[in-house]
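Participant: First the structure, then my questions, so here it is.
The values are calculated or read from the model by the stated rules, or taken from the named source; none is laboratory data. These numbers were taken from a predicted model, which means no experiment stands behind them. Cβ placement follows ideal geometry from the backbone for every residue including glycine, while neighbour counts extend to all protein chains displayed.
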Amino acid sequence: METTAIDFKIQQVEKSRVEQLDPQNIVFGSLFTDHMLVADCINGEWQTPEILPYGDIAYNPALASLHYGQSIFEGMKAFRNVNDEVVMFRPEENYKRFNISAERMCMATVPEEIFMGGLQKLLELDGAWVPDGEDNSLYLRPFMFASDVYLGVRPSFNYRFMIIMSPAGKYYAEPPKVKIETEFIRAAEGGVGYAKCAGNYAASLYPAKLAQEQGYTQLLWTDAKTHTKFEESGTMNVFFVKDGKLITPKTSTTILKGITRDSLINIARDKGYEVVEQDVYVKDIVDGISSGSVTEVFGAGTAVVVSPFSAIGFEGKDYELPAITDKSISTVLKNGLNDIRKGKVADTHGWVYKV
Ligand code: COI
(Lines give C-alpha, C1' and ligand atoms only; values in the text may rest on other atoms or scores of the structure.)
Protein backbone atom coordinates (compact mmCIF):
# COMPACT_ATOMS: atom_id res chain seq x y z
CA MET A 1 0.00 0.00 0.00
CA GLU A 2 1.29 3.46 -0.91
CA THR A 3 1.07 6.07 1.80
CA THR A 4 1.88 9.71 1.17
CA ALA A 5 4.68 11.09 3.31
CA ILE A 6 3.34 12.85 6.36
CA ASP A 7 5.10 14.48 9.27
CA PHE A 8 4.73 12.81 12.63
CA LYS A 9 5.82 14.65 15.77
CA ILE A 10 7.84 12.03 17.62
CA GLN A 11 8.78 12.08 21.28
CA GLN A 12 10.74 8.96 22.11
CA VAL A 13 11.07 7.32 25.52
CA GLU A 14 14.42 7.71 27.24
CA LYS A 15 14.56 4.06 28.15
CA SER A 16 12.54 1.17 26.71
CA ARG A 17 10.48 -1.05 29.07
CA VAL A 18 10.81 -4.04 26.72
CA GLU A 19 12.49 -6.11 29.46
CA GLN A 20 8.98 -6.34 31.04
CA LEU A 21 7.97 -8.62 28.16
CA ASP A 22 8.22 -12.33 28.99
CA PRO A 23 7.24 -14.21 25.78
CA GLN A 24 6.51 -17.35 27.87
CA ASN A 25 4.02 -15.53 30.07
CA ILE A 26 1.84 -13.12 28.12
CA VAL A 27 -1.54 -12.08 29.49
CA PHE A 28 -3.66 -10.64 26.64
CA GLY A 29 -4.10 -6.86 26.75
CA SER A 30 -2.20 -6.20 29.95
CA LEU A 31 1.21 -4.84 28.90
CA PHE A 32 1.71 -2.03 26.40
CA THR A 33 4.71 -1.06 24.28
CA ASP A 34 6.82 2.07 24.79
CA HIS A 35 4.97 4.38 22.39
CA MET A 36 1.44 5.28 21.26
CA LEU A 37 0.01 7.36 18.44
CA VAL A 38 -2.36 10.28 19.03
CA ALA A 39 -4.02 12.21 16.19
CA ASP A 40 -6.82 14.72 16.65
CA CYS A 41 -9.43 15.69 14.11
CA ILE A 42 -10.65 19.19 14.95
CA ASN A 43 -13.77 20.32 13.09
CA GLY A 44 -12.97 18.02 10.18
CA GLU A 45 -9.24 18.91 9.94
CA TRP A 46 -6.69 16.25 10.90
CA GLN A 47 -3.85 17.71 12.96
CA THR A 48 -0.22 16.53 12.84
CA PRO A 49 -0.16 13.07 14.41
CA GLU A 50 2.06 12.62 17.44
CA ILE A 51 3.95 9.59 18.68
CA LEU A 52 4.34 9.83 22.42
CA PRO A 53 5.59 7.67 25.28
CA TYR A 54 2.74 5.29 26.23
CA GLY A 55 0.80 6.74 29.15
CA ASP A 56 -2.41 8.11 30.60
CA ILE A 57 -4.53 10.69 28.83
CA ALA A 58 -6.75 13.22 30.61
CA TYR A 59 -10.51 13.31 30.01
CA ASN A 60 -13.01 16.06 30.48
CA PRO A 61 -16.05 14.58 32.31
CA ALA A 62 -18.32 15.83 29.52
CA LEU A 63 -16.36 13.95 26.82
CA ALA A 64 -19.07 12.94 24.32
CA SER A 65 -17.82 9.36 23.78
CA LEU A 66 -18.12 8.60 27.50
CA HIS A 67 -21.80 9.44 27.40
CA TYR A 68 -23.11 8.35 23.99
CA GLY A 69 -20.57 5.77 22.87
CA GLN A 70 -19.26 7.19 19.59
CA SER A 71 -16.22 4.94 19.82
CA ILE A 72 -14.76 2.36 17.41
CA PHE A 73 -11.68 0.16 17.19
CA GLU A 74 -9.78 -2.42 15.18
CA GLY A 75 -7.91 -5.55 16.21
CA MET A 76 -4.89 -6.50 14.12
CA LYS A 77 -1.52 -8.14 14.58
CA ALA A 78 2.19 -7.88 13.76
CA PHE A 79 4.41 -10.97 13.72
CA ARG A 80 8.09 -11.79 13.82
CA ASN A 81 8.72 -14.01 10.80
CA VAL A 82 11.29 -16.76 10.29
CA ASN A 83 13.76 -14.19 8.88
CA ASP A 84 13.40 -12.10 12.06
CA GLU A 85 11.48 -9.40 10.17
CA VAL A 86 8.41 -7.63 11.56
CA VAL A 87 5.33 -8.02 9.36
CA MET A 88 1.69 -7.01 9.58
CA PHE A 89 -1.12 -9.21 8.28
CA ARG A 90 -3.61 -7.63 5.82
CA PRO A 91 -3.51 -4.18 7.48
CA GLU A 92 -5.31 -2.54 4.53
CA GLU A 93 -8.39 -4.65 5.35
CA ASN A 94 -8.44 -3.33 8.91
CA TYR A 95 -8.00 0.20 7.58
CA LYS A 96 -11.01 -0.19 5.26
CA ARG A 97 -13.16 -1.75 7.97
CA PHE A 98 -12.20 0.98 10.44
CA ASN A 99 -13.59 3.66 8.17
CA ILE A 100 -16.73 1.58 7.47
CA SER A 101 -17.29 1.50 11.25
CA ALA A 102 -16.55 5.26 11.42
CA GLU A 103 -19.17 6.03 8.77
CA ARG A 104 -21.82 3.90 10.50
CA MET A 105 -21.15 5.66 13.79
CA CYS A 106 -21.26 9.08 12.08
CA MET A 107 -17.61 9.79 12.93
CA ALA A 108 -14.73 11.34 10.96
CA THR A 109 -12.88 8.91 8.68
CA VAL A 110 -9.14 8.51 9.22
CA PRO A 111 -6.72 9.27 6.35
CA GLU A 112 -4.69 6.29 5.16
CA GLU A 113 -1.38 8.02 5.82
CA ILE A 114 -2.26 8.49 9.50
CA PHE A 115 -3.59 4.94 10.00
CA MET A 116 -0.98 3.05 7.95
CA GLY A 117 1.86 5.52 8.51
CA GLY A 118 1.17 5.51 12.25
CA LEU A 119 1.34 1.70 12.42
CA GLN A 120 4.55 1.74 10.37
CA LYS A 121 6.21 4.38 12.58
CA LEU A 122 5.14 2.70 15.82
CA LEU A 123 6.43 -0.68 14.66
CA GLU A 124 9.72 0.88 13.57
CA LEU A 125 10.13 2.30 17.08
CA ASP A 126 8.74 -0.65 19.08
CA GLY A 127 9.71 -3.59 16.83
CA ALA A 128 11.61 -5.20 19.72
CA TRP A 129 8.23 -5.78 21.39
CA VAL A 130 7.06 -8.20 18.67
CA PRO A 131 7.53 -11.52 20.46
CA ASP A 132 8.86 -14.65 18.86
CA GLY A 133 7.04 -17.97 19.39
CA GLU A 134 4.36 -20.07 17.68
CA ASP A 135 1.27 -18.45 19.22
CA ASN A 136 2.81 -15.03 19.92
CA SER A 137 2.30 -11.72 18.14
CA LEU A 138 1.99 -8.01 18.83
CA TYR A 139 -1.69 -7.04 19.01
CA LEU A 140 -2.29 -3.63 17.40
CA ARG A 141 -5.24 -1.60 18.60
CA PRO A 142 -6.20 1.44 16.50
CA PHE A 143 -9.22 3.19 18.02
CA MET A 144 -11.10 6.47 17.81
CA PHE A 145 -13.54 8.28 20.05
CA ALA A 146 -15.66 11.42 19.98
CA SER A 147 -13.78 14.13 21.83
CA ASP A 148 -16.27 17.00 21.96
CA VAL A 149 -16.88 18.34 25.43
CA TYR A 150 -20.64 18.57 25.06
CA LEU A 151 -23.69 16.79 26.44
CA GLY A 152 -26.16 17.41 23.60
CA VAL A 153 -26.92 14.32 21.51
CA ARG A 154 -25.43 14.89 18.04
CA PRO A 155 -22.34 13.66 16.17
CA SER A 156 -19.16 15.09 17.67
CA PHE A 157 -17.22 17.74 15.72
CA ASN A 158 -13.90 16.50 17.14
CA TYR A 159 -12.35 13.03 17.30
CA ARG A 160 -9.22 11.49 18.72
CA PHE A 161 -7.59 8.59 16.84
CA MET A 162 -5.02 6.52 18.71
CA ILE A 163 -2.97 3.37 18.26
CA ILE A 164 -1.64 1.32 21.14
CA MET A 165 0.15 -2.03 20.93
CA SER A 166 0.26 -4.98 23.30
CA PRO A 167 2.12 -8.33 23.14
CA ALA A 168 -0.28 -11.27 22.73
CA GLY A 169 -0.07 -15.03 23.17
CA LYS A 170 -2.85 -17.62 23.13
CA TYR A 171 -6.24 -16.00 23.86
CA TYR A 172 -7.94 -19.08 25.37
CA ALA A 173 -5.85 -21.47 27.50
CA GLU A 174 -8.42 -24.28 26.97
CA PRO A 175 -10.91 -24.92 24.12
CA PRO A 176 -13.99 -22.86 25.01
CA LYS A 177 -17.33 -24.43 25.89
CA VAL A 178 -19.98 -22.20 24.34
CA LYS A 179 -23.70 -21.73 24.96
CA ILE A 180 -26.18 -21.14 22.16
CA GLU A 181 -27.95 -17.92 23.14
CA THR A 182 -31.67 -17.87 22.41
CA GLU A 183 -32.88 -15.05 24.63
CA PHE A 184 -30.50 -12.10 24.27
CA ILE A 185 -29.23 -10.80 20.93
CA ARG A 186 -25.93 -9.34 19.72
CA ALA A 187 -27.26 -7.47 16.69
CA ALA A 188 -30.39 -6.93 14.61
CA GLU A 189 -30.74 -6.11 10.92
CA GLY A 190 -30.37 -2.38 10.37
CA GLY A 191 -28.29 -2.04 13.54
CA VAL A 192 -24.55 -1.82 14.06
CA GLY A 193 -23.55 -5.50 14.15
CA TYR A 194 -21.13 -5.15 11.22
CA ALA A 195 -19.34 -2.18 12.82
CA LYS A 196 -16.53 -2.64 15.32
CA CYS A 197 -18.05 -0.20 17.77
CA ALA A 198 -17.47 -0.28 21.50
CA GLY A 199 -21.18 -0.66 22.34
CA ASN A 200 -21.42 -4.06 20.61
CA TYR A 201 -18.92 -5.41 23.11
CA ALA A 202 -20.52 -3.69 26.11
CA ALA A 203 -23.94 -5.12 25.22
CA SER A 204 -22.53 -8.66 25.05
CA LEU A 205 -21.12 -8.65 28.58
CA TYR A 206 -24.30 -9.31 30.56
CA PRO A 207 -25.51 -12.36 28.55
CA ALA A 208 -21.91 -13.67 28.52
CA LYS A 209 -21.73 -13.26 32.31
CA LEU A 210 -24.95 -15.29 32.73
CA ALA A 211 -23.49 -18.03 30.51
CA GLN A 212 -20.25 -18.00 32.49
CA GLU A 213 -22.24 -18.47 35.69
CA GLN A 214 -23.66 -21.63 34.06
CA GLY A 215 -20.14 -22.95 33.34
CA TYR A 216 -19.69 -21.75 29.73
CA THR A 217 -16.76 -19.73 28.39
CA GLN A 218 -18.63 -17.79 25.72
CA LEU A 219 -21.85 -17.44 23.74
CA LEU A 220 -22.86 -18.53 20.27
CA TRP A 221 -25.21 -15.80 19.09
CA THR A 222 -28.30 -16.55 17.03
CA ASP A 223 -30.34 -14.24 14.78
CA ALA A 224 -32.51 -11.64 16.48
CA LYS A 225 -35.80 -12.57 14.75
CA THR A 226 -36.02 -16.34 15.07
CA HIS A 227 -33.05 -17.51 17.17
CA THR A 228 -32.72 -20.43 14.77
CA LYS A 229 -29.63 -19.36 12.78
CA PHE A 230 -26.08 -18.86 14.00
CA GLU A 231 -24.37 -15.47 13.73
CA GLU A 232 -21.08 -15.13 15.67
CA SER A 233 -19.51 -16.33 18.89
CA GLY A 234 -18.14 -13.93 21.49
CA THR A 235 -15.48 -11.87 19.69
CA MET A 236 -15.18 -14.39 16.84
CA ASN A 237 -16.77 -15.49 13.57
CA VAL A 238 -17.80 -19.13 13.66
CA PHE A 239 -17.14 -22.14 11.41
CA PHE A 240 -18.65 -25.66 11.37
CA VAL A 241 -17.29 -28.83 9.77
CA LYS A 242 -20.19 -30.99 8.55
CA ASP A 243 -19.63 -34.07 6.40
CA GLY A 244 -16.08 -32.81 5.74
CA LYS A 245 -17.38 -29.46 4.39
CA LEU A 246 -16.51 -26.11 5.97
CA ILE A 247 -19.64 -24.05 6.64
CA THR A 248 -19.87 -20.49 7.98
CA PRO A 249 -22.76 -18.02 8.26
CA LYS A 250 -22.73 -15.59 5.34
CA THR A 251 -21.96 -12.04 6.40
CA SER A 252 -24.75 -9.49 6.69
CA THR A 253 -25.43 -6.23 8.50
CA THR A 254 -25.52 -8.21 11.76
CA ILE A 255 -22.19 -10.02 11.40
CA LEU A 256 -18.69 -8.57 11.51
CA LYS A 257 -16.79 -9.19 8.26
CA GLY A 258 -13.84 -10.91 9.88
CA ILE A 259 -10.46 -10.67 8.18
CA THR A 260 -9.39 -13.96 9.78
CA ARG A 261 -12.70 -15.42 8.55
CA ASP A 262 -11.95 -14.35 4.99
CA SER A 263 -8.34 -15.59 5.20
CA LEU A 264 -9.44 -19.03 6.44
CA ILE A 265 -12.04 -19.35 3.67
CA ASN A 266 -9.31 -18.64 1.10
CA ILE A 267 -6.79 -21.00 2.71
CA ALA A 268 -9.40 -23.76 2.95
CA ARG A 269 -10.26 -23.38 -0.75
CA ASP A 270 -6.52 -23.34 -1.64
CA LYS A 271 -6.21 -26.64 0.22
CA GLY A 272 -9.12 -28.16 -1.69
CA TYR A 273 -11.83 -28.07 0.99
CA GLU A 274 -15.37 -27.22 -0.01
CA VAL A 275 -16.43 -24.00 1.76
CA VAL A 276 -20.03 -22.86 1.97
CA GLU A 277 -21.21 -19.44 3.21
CA GLN A 278 -24.90 -19.85 4.02
CA ASP A 279 -27.54 -19.71 6.75
CA VAL A 280 -26.48 -22.22 9.40
CA TYR A 281 -29.38 -23.59 11.45
CA VAL A 282 -29.00 -24.43 15.13
CA LYS A 283 -31.09 -27.59 14.74
CA ASP A 284 -28.89 -28.94 11.89
CA ILE A 285 -25.73 -28.43 13.91
CA VAL A 286 -27.05 -29.83 17.19
CA ASP A 287 -28.52 -32.88 15.38
CA GLY A 288 -25.26 -33.20 13.42
CA ILE A 289 -23.16 -33.29 16.57
CA SER A 290 -25.45 -36.03 17.95
CA SER A 291 -25.29 -38.08 14.74
CA GLY A 292 -21.55 -37.53 14.21
CA SER A 293 -21.85 -35.58 10.92
CA VAL A 294 -20.68 -32.35 12.60
CA THR A 295 -17.13 -32.99 13.73
CA GLU A 296 -15.74 -29.52 14.48
CA VAL A 297 -17.01 -26.10 15.53
CA PHE A 298 -14.50 -23.30 15.91
CA GLY A 299 -14.23 -19.56 16.33
CA ALA A 300 -11.99 -17.38 14.16
CA GLY A 301 -10.79 -13.86 14.88
CA THR A 302 -7.71 -11.71 15.18
CA ALA A 303 -7.28 -12.25 18.89
CA VAL A 304 -8.26 -15.94 19.05
CA VAL A 305 -6.90 -16.88 15.59
CA VAL A 306 -8.61 -20.32 15.34
CA SER A 307 -10.24 -21.58 18.50
CA PRO A 308 -11.95 -25.01 18.42
CA PHE A 309 -14.87 -25.42 20.83
CA SER A 310 -14.97 -28.38 23.22
CA ALA A 311 -18.76 -28.48 23.56
CA ILE A 312 -21.92 -26.56 22.71
CA GLY A 313 -24.74 -26.02 25.18
CA PHE A 314 -28.32 -25.85 23.88
CA GLU A 315 -31.54 -25.79 25.90
CA GLY A 316 -29.83 -27.14 29.00
CA LYS A 317 -27.96 -29.99 27.28
CA ASP A 318 -24.25 -30.05 26.40
CA TYR A 319 -23.22 -31.49 23.05
CA GLU A 320 -19.57 -32.62 23.28
CA LEU A 321 -17.40 -32.26 20.19
CA PRO A 322 -14.68 -34.76 19.23
CA ALA A 323 -11.18 -33.89 20.45
CA ILE A 324 -9.08 -31.90 17.96
CA THR A 325 -6.13 -33.67 16.31
CA ASP A 326 -3.32 -32.65 13.93
CA LYS A 327 -5.59 -33.73 11.05
CA SER A 328 -8.61 -31.66 12.14
CA ILE A 329 -9.55 -29.00 9.59
CA SER A 330 -9.24 -26.29 12.26
CA THR A 331 -5.63 -27.38 12.93
CA VAL A 332 -4.79 -27.51 9.22
CA LEU A 333 -6.25 -24.02 8.67
CA LYS A 334 -4.61 -22.53 11.75
CA ASN A 335 -1.22 -23.91 10.68
CA GLY A 336 -1.83 -22.70 7.12
CA LEU A 337 -2.53 -19.18 8.41
CA ASN A 338 0.44 -19.16 10.80
CA ASP A 339 2.78 -20.45 8.09
CA ILE A 340 1.86 -17.51 5.84
CA ARG A 341 2.20 -14.97 8.65
CA LYS A 342 5.51 -16.36 9.84
CA GLY A 343 6.90 -16.54 6.28
CA LYS A 344 7.22 -20.35 6.30
CA VAL A 345 5.32 -20.64 2.99
CA ALA A 346 4.89 -18.34 -0.01
CA ASP A 347 2.43 -15.49 0.49
CA THR A 348 0.49 -16.17 -2.71
CA HIS A 349 -2.37 -13.81 -1.78
CA GLY A 350 -0.13 -10.81 -1.02
CA TRP A 351 -1.38 -10.61 2.58
CA VAL A 352 1.88 -9.98 4.37
CA TYR A 353 3.04 -6.36 4.75
CA LYS A 354 6.70 -5.93 5.67
CA VAL A 355 7.45 -3.10 8.08
C1 COI B 1 -10.60 -9.42 17.34
O2 COI B 1 -10.32 -10.61 17.46
O3 COI B 1 -10.76 -8.93 16.22
C4 COI B 1 -10.68 -8.53 18.47
O5 COI B 1 -10.58 -7.36 18.25
C6 COI B 1 -10.84 -9.13 19.78
C7 COI B 1 -10.93 -8.19 20.92
C8 COI B 1 -12.31 -7.69 21.11
C9 COI B 1 -10.36 -8.81 22.15
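Participant: Restricting attention to region 293-322, and to residues there that are among the polar types (S, T, N, Q) and surrounded by fewer than 19 Cβ atoms within 10 Å (Cβ to Cβ), which single residue is nearest to the chain's Cα centre (by Cα)?
Facilitator: Only one residue fits best here, namely Ser310.
Participant: Within the bounds of region 227-238, is there any residue that is over 30 Å from Trp351 (Cα atoms), more than 16 Å from the ligand (Cβ to nearest atom) and surrounded by 15 or more Cβ atoms within 10 Å (Cβ to Cβ)?
Facilitator: Yes: region 227-238 contains one or more residues that are over 30 Å from Trp351 (Cα atoms), more than 16 Å from the ligand (Cβ to nearest atom) and surrounded by 15 or more Cβ atoms within 10 Å (Cβ to Cβ).
Participant: Determine the pairs where a residue that is outside any loop (DSSP other than H, G, I, E, B), located within region 13-31, has a partner that is away from the ligand (no atom under 16 Å from the Cβ) and modelled with pLDDT of 95 or more with Cβ atoms under 9 Å apart, the partner being 6 or more residues away or on another chain.
Facilitator: What qualifies is Val18/Thr33; Val18/Asp34; Val18/Asp126; Val18/Ala128; Val18/Trp129.
Participant: Name every residue in region 152-175 that is within 19 Å of Gly258 (Cα to Cα) and of a type outside the set (A, V, I, L, M, F, W, C), in order of residue number.
Facilitator: Lys170, Tyr171, Tyr172
Participant: Let me ask something additional. Just to confirm my filter: which helices (runs of 4 or more DSSP H) fall fully inside region 44-163 and include at least 1 residues that are without any contact (Cβ under 8 Å) to a residue 24 or more places away in the chain?
Facilitator: So the answer is 64-68, 91-104.
Participant: Let me ask something else about it. Taking region 106-144, which residues are within 16 Å of the ligand (Cβ to nearest atom), within 24 Å of Ser156 (Cβ to Cβ) and surrounded by fewer than 22 Cβ atoms within 10 Å (Cβ to Cβ)?
Facilitator: Residues satisfying the conditions are Arg141, Phe143.
Participant: I need the full set of residues from region 267-289 which are crowded, with 17+ Cβ neighbours inside 10 Å and under 23 Å from the mean Cα position of the chain (by Cα), in order please.
Facilitator: Ile267, Ala268, Val280
Participant: Okay, next question. Got a sec? Which of Arg97, Arg90 is modelled with pLDDT of 95 or more, in the same structural domain as Ile164 (by TED's automatic domain parsing) and on the phi > 0 side of the Ramachandran plot?
Facilitator: Within the list Arg97, Arg90, the selection yields Arg90.
Participant: Which of the following residues is within 25 Å of the chain's Cα centre (by Cα) and among the β-branched types (Val, Ile, Thr): Val82, Val13?
Facilitator: Only one candidate qualifies: Val82.
Participant: Next question, about the same structure. Every residue in region 253-273 that is charged (D, E, K, R) and within 16 Å of the ligand (Cβ to nearest atom), please.
Facilitator: Across region 253-273, the qualifying residues are Lys257, Arg261, Asp262.
Participant: Go through the residues of region 274-286 one by one and say whether even a single one is of a type outside the set (Val, Ile, Thr), out of contact with any helix residue (DSSP H, G or I) (no Cβ under 9 Å at 6 or more places or on another chain), assigned by TED's automatic domain parsing to the domain that holds Asp318 and within 16 Å of the ligand (Cβ to nearest atom).
Facilitator: No, that holds for no residue.
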